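> Take this structure, written in structure tokens, and hold onto it; I'll ask about it next.
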There are 4 protein chains.
Amino acid sequence: MPATQLSVELLAVTPNALSLIYAAFRQCYHAGFVADMWPRLVNGEVEREVQADFVRKVLESGHDSPVEHASFTFAVAGISRACSHQIVRHRIASYSQQSQRYVDASNMDYVLPPAIAKIPEARERFEAFMAEVGHAYRDLKDILEAHGRKEKAKEDARFVLPQAAETRMVISMNCRALLHFFNLRCCMRAQWEVRALAQAMLALCKAELPAIFTTAGAKCESLGYCPEAPRFACGRYPTREALLAGSGGK
Amino acid sequence: MPATQLSVELLAVTPNALSLIYAAFRQCYHAGFVADMWPRLVNGEVEREVQADFVRKVLESGHDSPVEHASFTFAVAGISRACSHQIVRHRIASYSQQSQRYVDASNMDYVLPPAIAKIPEARERFEAFMAEVGHAYRDLKDILEAHGRKEKAKEDARFVLPQAAETRMVISMNCRALLHFFNLRCCMRAQWEVRALAQAMLALCKAELPAIFTTAGAKCESLGYCPEAPRFACGRYPTREALLAGSGGK
Amino acid sequence: MPATQLSVELLAVTPNALSLIYAAFRQCYHAGFVADMWPRLVNGEVEREVQADFVRKVLESGHDSPVEHASFTFAVAGISRACSHQIVRHRIASYSQQSQRYVDASNMDYVLPPAIAKIPEARERFEAFMAEVGHAYRDLKDILEAHGRKEKAKEDARFVLPQAAETRMVISMNCRALLHFFNLRCCMRAQWEVRALAQAMLALCKAELPAIFTTAGAKCESLGYCPEAPRFACGRYPTREALLAGSGGK
Amino acid sequence: MPATQLSVELLAVTPNALSLIYAAFRQCYHAGFVADMWPRLVNGEVEREVQADFVRKVLESGHDSPVEHASFTFAVAGISRACSHQIVRHRIASYSQQSQRYVDASNMDYVLPPAIAKIPEARERFEAFMAEVGHAYRDLKDILEAHGRKEKAKEDARFVLPQAAETRMVISMNCRALLHFFNLRCCMRAQWEVRALAQAMLALCKAELPAIFTTAGAKCESLGYCPEAPRFACGRYPTREALLAGSGGK
């Protein structure tokens, strides 16, 4: 079992995503039917920058549900089961994850935490243990199969696999769910691995749909202050408490 | 206020939807990373019919979550508020609906139920009443504005608007939510208007993604029997009770 | 059809809601099993004030998912269909709403908007129109029944019912969804009717579970500033822009 | 690290759950306001058996959303991370799970799969490996702490913890989500551990609310046939294909 690296690829984005979000916003306040303006949105007769400006302004006013109409689908590899267990807690999303019940893990790769990688003693201990895992998994699978538990041998042998074991998944989220995911997971309080994944996803989103994602990231990026309790603040931005105190607020 | 007609237009579908669903299914059972096979799925090196067959087989086995990765966005007009109130009860979806708080309804169109349309006496009564609605709305809006309730006049005048009043919305649903929506709303037990909408959406889905939607529709279409209580059955298919009785089941 | 009044009654609250939330928070960080401490939470051996303090502190740190474990169920009457259509857009909730397809509306009550009630001319116009609605509904129902559309007569006659028509519903929301609902719907930007409903629900929540709901309400109540765009601010709190400017922020 | 046993305790159920579901069903079809009948439901003036019969009949007709108003909260221990990762994929639920980032796992218990427990050779191999895990975890935690990664040492050392590592969680689900959870997870196709958990939860639900849960379980229990593809059928019930063939259906 060798160490692996994070890999995030964009498989799909809703086509004409900016125009779709613009059209959805417009339908809320417009007397006509947006299907009638749709061709002019898509062909650029209504300029993309005009669409982007409108979307940014409505978003700033706090009306964000129309960004749900556009979705991104990512293929992700090189993450641990510790990471995937955190990801799937985000309920407004769709996941298809590699199954440890059905896929043989005899040669499964693993994620090496950077803090361990840079301490030689820790890295050596970690890698020696990962070799042990491989032996234990294969031994148990062999024993179970020899005792007749053919198809289900993997299902039980997997109990020795570590949180570090690599998993792969296909993830779809709409833009509103993505903005929320980045709010939580790009924050310095998030665990390093899920933060690295979030940052890789955010980079892809920014490239595809800058009107929505330019100011995305940890909550502080769009708020201009840190909403966390002061004892958790990382210091990049002033806390809400500091702001309110400075302004004679609350 | 004239009578209006249902209009459903497809604004967006996830690109390479079949391959995306195929890739998501494969990732669950496959030792590799689907991003590596993705180019061959999209360029047709793995034939579309092979992908479609695989998807159909896994769907039949009851594993349907990967179809969530593909979504459809529709623009809908010519539906009543009676219809939209039913639609938005489907929670796994995104909606952007024309606001009666912000859009002037002085000349709003209305939906004329077919059963009323075909009885001249009923139609006449209905249309006379709709003319009354228009007067009442404009009168109230004028009075409220004259008394200083400028921007909010529409918000209160709207209380006289009928369930028949036309509304427009942008609707996004993923394929799993769509299959469920069709299960419920293409059934003869559904109200005529939401059933007409569901059938129009289904026709668009079948044309775009036949591998997923060919057998879609009311539950009976895929089950081969009617799962409703016998007193609600429309008779097109035998009921579950009849099947079980015929087979000496339960 | 006479005018009706808002009525909100609390049918159920999760028992031992504070302890349940406390236990859920504790389970996240505690090496033991909370079922073992549960009897001491419920019988007050761990004092309620200690539990409340702990819950408040963790909530302030931004970790709010454990409040989902407690739910409230309300019975609501005296609201319009205009209001119910807004409510059911909140997807993290359960609704059972009186059906206009099945319930005869010949004598249905209606909601009279306060701004209309206080202008005699407007009120008279509104009430005269509501009497018209009753006639139209009954006429159409009679005609449809006379033409053989027995059970479905209500389903089609309902198209003349106004947005003002009273509806009743049973609503369940967990505490996290309630906090979000109050954030949006207690704000001065919300429509008057849904705001009145939200305030009535909040009063019941505060009485039952003050540790969670004391600072609940519009977003400004807990933030100490108004997060809306300045042009929408009602003025009760300084805006975020004002705070950031005052502190030399962003 | 010793082997542990599944433990499921019921912390809370919505009070008057049957009456609440009955009231919610009634509100859909009833001209009045269910808050007015509520006292008679709760005090038994409307007999519980009458309420239960009504609920059962409406459920059989396919209208099941009102059962969402009642929820159950369980405290669960003695399950593996392999199990919890499956559980949290159920999105209509609330979870508070013991964190491996914050809780020291130096003495963590583990789940021993029954198929391994009953093969002495496998059990010995498994237990020897679990002892290895403990050493590796403590060694890595020590090294990381010695290198200054104080608070975060657990966060990285956890990467060696096995899928077998015990976790504890508080789980809330409403009755509709529970019925769906049992449909999938009481089935013989489910993994043994999550099936054991589902069966323990179902036993508690049946005792508390038999009107809803008597026929709950794998889909076959309520359908009277197996809806799985024939190659996955366990044989307890005839398959749908067999039924349709036997009845000359589709």
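> Using the structure shown, decide if C:Ala117 is outside the structural domain of C:Leu179 (by the TED database), hydrophobic (A, V, I, L, M, F, W, C) and buried (at least 16 other Cβ atoms within 10 Å of the Cβ). I'd like the intermediate steps shown before the answer.
Details: outside the structural domain of C:Leu179 (by the TED database): yes; hydrophobic (A, V, I, L, M, F, W, C): yes; buried (at least 16 other Cβ atoms within 10 Å of the Cβ): no.
So C:Ala117 does not fit the description; no.
> Also, quick follow-up: Mind checking whether some residue in the stretch C:100-119 is more than 27 Å from D:Ile21 (Cα to Cα), of a type in the set (S, T, N, Q) and under 26 Å from the mean Cα position of the chain (by Cα)?
no
> Another question, then. For the stretch B:70-84, which residues satisfy the criterion of being open to solvent by less than 10 Å² (accessible area, probe 1.4 Å) and not polar (S, T, N, Q)? So that I can check it myself, show each step before the final result.
Within the stretch B:70-84, the subset open to solvent by less than 10 Å² (accessible area, probe 1.4 Å) is B:70, B:72-80, B:82-84.
Hits for the stretch B:70-84 are B:Ala70, B:Phe72, B:Phe74, B:Ala75, B:Val76, B:Ala77, B:Gly78, B:Ile79, B:Ala82, B:Cys83.
> Kindly indicate which of C:Ala157, C:Ala200, C:Ala216, C:Ala207 is part of a helix (DSSP H, G or I), open to solvent by less than 20 Å² (accessible area, probe 1.4 Å) and not hydroxyl-bearing (Ser, Thr, Tyr). Show your work before the answer.
Values: C:Ala200 fails: open to solvent by less than 20 Å² (accessible area, probe 1.4 Å); C:Ala216 fails: part of a helix (DSSP H, G or I); C:Ala207 fails: open to solvent by less than 20 Å² (accessible area, probe 1.4 Å).
Only one candidate passes the filter, namely C:Ala157.
> Assigned to a loop (DSSP other than H, G, I, E, B) and away from chain C (no Cβ under 12 Å) - does that describe any residue in the stretch D:65-75? Quick ask: steps written out before the conclusion?
To start, the set of residues in the stretch D:65-75 that are assigned to a loop (DSSP other than H, G, I, E, B) comprises D:70.
Narrowing further to those that are away from chain C (no Cβ under 12 Å): none.
No, the stretch D:65-75 contains no residue that is assigned to a loop (DSSP other than H, G, I, E, B) and away from chain C (no Cβ under 12 Å).
> In the stretch D:94-121, how many are farther than 23 Å from A:Ser84 by Cβ and either away from chain C (no Cβ under 14 Å) or β-branched (Val, Ile, Thr) (or both)?
Summing the residues that are farther than 23 Å from A:Ser84 by Cβ and either away from chain C (no Cβ under 14 Å) or β-branched (Val, Ile, Thr) (or both) in the stretch D:94-121 gives 9.
> Go through the stretch C:43-64 and report how many residues are of a type outside the set (Lys, Arg) and facing another protein chain (nearest Cβ under 9 Å).
The qualifying residues number 3.
> Moving to a separate point now. Restricting the stretch C:160-184 to residues that are part of a helix (DSSP H, G or I) and touching a residue at least 60 places away in the same chain (Cβ under 8 Å), which is surrounded by the fewest Cβ atoms within 10 Å (Cβ to Cβ)? Steps first, please.
At the first step, the residues of the stretch C:160-184 found to be part of a helix (DSSP H, G or I) are C:160, C:175-184.
With the extra rule that they be touching a residue at least 60 places away in the same chain (Cβ under 8 Å), the set shrinks to C:175-181.
On the way: C:Cys175: 26, C:Arg176: 19, C:Ala177: 19, C:Leu178: 29, C:Leu179: 21, C:His180: 16, C:Phe181: 22.
Going through the qualifying residues, I end up with C:His180.
> For C:Val42, indicate whether it is under 24 Å from D:Ser172 (Cα atoms), in contact with a helix residue (DSSP H, G or I) (Cβ under 8 Å, 6 or more places away or on another chain) and free of Cβ contacts under 8 Å to residues at least 60 places away in the same chain.
Working: under 24 Å from D:Ser172 (Cα atoms): yes; in contact with a helix residue (DSSP H, G or I) (Cβ under 8 Å, 6 or more places away or on another chain): yes; free of Cβ contacts under 8 Å to residues at least 60 places away in the same chain: yes.
Answer is yes for this residue.
> In the stretch A:205-250, what residues are under 22 Å from A:Asp53 (Cα atoms), among the β-branched types (Val, Ile, Thr) and either within 14 Å of chain C (Cβ to nearest Cβ) or in contact (Cβ under 8 Å) with a residue 24 or more places away in the chain (or both)?
Selection gives A:Ile212, A:Thr215.
> Another question, then. Identify, from the list D:Cys186, D:Cys175, D:Cys205, the residue that is touching a Gly at 6+ places or on another chain (Cβ under 6 Å) and either outside the structural domain of D:Asn16 (by the TED database) or on the phi < 0 side of the Ramachandran plot (or both). First the steps, then the outcome.
Working: D:Cys175 fails: touching a Gly at 6+ places or on another chain (Cβ under 6 Å); D:Cys205 fails: touching a Gly at 6+ places or on another chain (Cβ under 6 Å).
Sole residue among the options that is touching a Gly at 6+ places or on another chain (Cβ under 6 Å) and either outside the structural domain of D:Asn16 (by the TED database) or on the phi < 0 side of the Ramachandran plot (or both): D:Cys186.
Table: residues versus (1) farther than 29 Å from C:Pro238 by Cα; (2) assigned by the TED database to the domain that holds A:Ala136; (3) in contact with a strand residue (DSSP E or B) (Cβ under 9 Å, 6 or more places away or on another chain).
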| residue | (1), (2), (3) |
| --- | --- |
| A:Trp192 | yes, no, no |
| A:Ala200 | yes, no, yes |
| A:Ala211 | no, no, no |
| A:Tyr237 | no, no, yes |
| A:Ala242 | no, no, yes |
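> Considering only residues of the stretch B:30-69 that are over 26 Å from D:Leu184 (Cβ atoms) and hydrophobic (A, V, I, L, M, F, W, C), which is surrounded by the most Cβ atoms within 10 Å (Cβ to Cβ)?
It comes out as B:Leu41.
> For the structure I just gave you, tell me whether C:Ala105 is in contact (Cβ under 8 Å) with a residue 40 or more places away in the chain and part of a helix (DSSP H, G or I).
On the way: in contact (Cβ under 8 Å) with a residue 40 or more places away in the chain: yes; part of a helix (DSSP H, G or I): no.
In short, no.
> Just give me the residues in the stretch C:237-248 being part of a loop (DSSP other than H, G, I, E, B) and open to solvent by less than 20 Å² (accessible area, probe 1.4 Å), in sequence order.
First, the residues of the stretch C:237-248 that are part of a loop (DSSP other than H, G, I, E, B): C:237-238, C:247-248.
Result: no residue meets the conditions.
> Further, regarding this structure: Which of the residues spanning the stretch D:8-29 are surrounded by fewer than 21 Cβ atoms within 10 Å (Cβ to Cβ) and facing chain C (nearest Cβ under 7 Å)?
Result: D:Glu9, D:Pro15, D:Asn16, D:Tyr29.
> Search the stretch B:120-140 for residues being more than 16 Å from C:Val160 (Cβ to Cβ) and touching a helix residue (DSSP H, G or I) at 6+ places or on another chain (Cβ under 6 Å), and hand back the single one that is least open to solvent (accessible area, probe 1.4 Å). Spell out how you get there, then give the answer.
First, the residues of the stretch B:120-140 that are more than 16 Å from C:Val160 (Cβ to Cβ): B:120, B:138-140.
Next, only the ones that are touching a helix residue (DSSP H, G or I) at 6+ places or on another chain (Cβ under 6 Å) stay: B:139-140.
On the way: B:Asp139: 59, B:Leu140: 0 Å².
Checked the stretch B:120-140; the qualifying residue least open to solvent (accessible area, probe 1.4 Å) is B:Leu140.
> Test of understanding: among B:Ala35, B:Ala82, B:Ala52, which residue is touching an Asp or Glu at 6+ places or on another chain (Cβ under 8 Å) and either over 23 Å from A:Gln100 (Cα atoms) or in a loop (DSSP other than H, G, I, E, B) (or both)? Full working, then the answer.
Working: B:Ala35 fails: either over 23 Å from A:Gln100 (Cα atoms) or in a loop (DSSP other than H, G, I, E, B) (or both); B:Ala52 fails: touching an Asp or Glu at 6+ places or on another chain (Cβ under 8 Å).
Sole residue among the options that is touching an Asp or Glu at 6+ places or on another chain (Cβ under 8 Å) and either over 23 Å from A:Gln100 (Cα atoms) or in a loop (DSSP other than H, G, I, E, B) (or both): B:Ala82.
> Sticking with this structure for a sec: With respect to the numbered conditions (1) more than 24 Å from A:Val13 (Cβ to Cβ); (2) open to solvent by 10 Å² or more (accessible area, probe 1.4 Å); (3) in the same structural domain as B:Leu179 (by the TED database); (4) β-branched (Val, Ile, Thr), which one is the sole condition not fulfilled by B:Val88?
Failed condition: (2).
> Still on this structure: Among the residues of the stretch B:222-236, is any assigned to a helix (DSSP H, G or I) and open to solvent by less than 10 Å² (accessible area, probe 1.4 Å)? It would help to see each step written out before you state the result.
Taking the stretch B:222-236 first, the residues assigned to a helix (DSSP H, G or I) are B:222-223, B:230-232.
Cutting the leftovers down to open to solvent by less than 10 Å² (accessible area, probe 1.4 Å) gives us none.
Scanning the stretch B:222-236 turns up no residue that is assigned to a helix (DSSP H, G or I) and open to solvent by less than 10 Å² (accessible area, probe 1.4 Å).
> Moving on. I need every pair where a residue in the stretch B:122-150 that is under 16 Å from B:Ala3 (Cα atoms) has its Cβ under 6 Å from the Cβ of a residue that is of a type in the set (Gly, Ala, Ser), sequence separation at least 6 or different chains.
From the stretch B:122-150, the pairs are B:Arg123/B:Ala117; B:Phe129/C:Ala136.
> So if I check each of C:Ala12, C:Ala3, C:Ala23, C:Ala35, which one is among the small types (Gly, Ala, Ser), at pLDDT below 95 and not assigned by the TED database to the domain that holds C:His135?
Details: C:Ala12 fails: at pLDDT below 95; C:Ala23 fails: at pLDDT below 95; C:Ala35 fails: at pLDDT below 95.
Matching residue, one of C:Ala12, C:Ala3, C:Ala23, C:Ala35: C:Ala3.
The values are calculated or read from the model by the stated rules, or taken from the named source; none is laboratory data. Note that this is a predicted model, so its numbers are computed, not measured. For neighbour counting, all protein chains shown are included, and Cβ atoms are generated from backbone atoms with ideal geometry for every residue, glycine included. All accessible areas refer to the heavy atoms of the entire protein, side chains included, with ligands and DNA or RNA removed. Shrake-Rupley method; radii C 1.70, N 1.55, O 1.52, S 1.80 Å.
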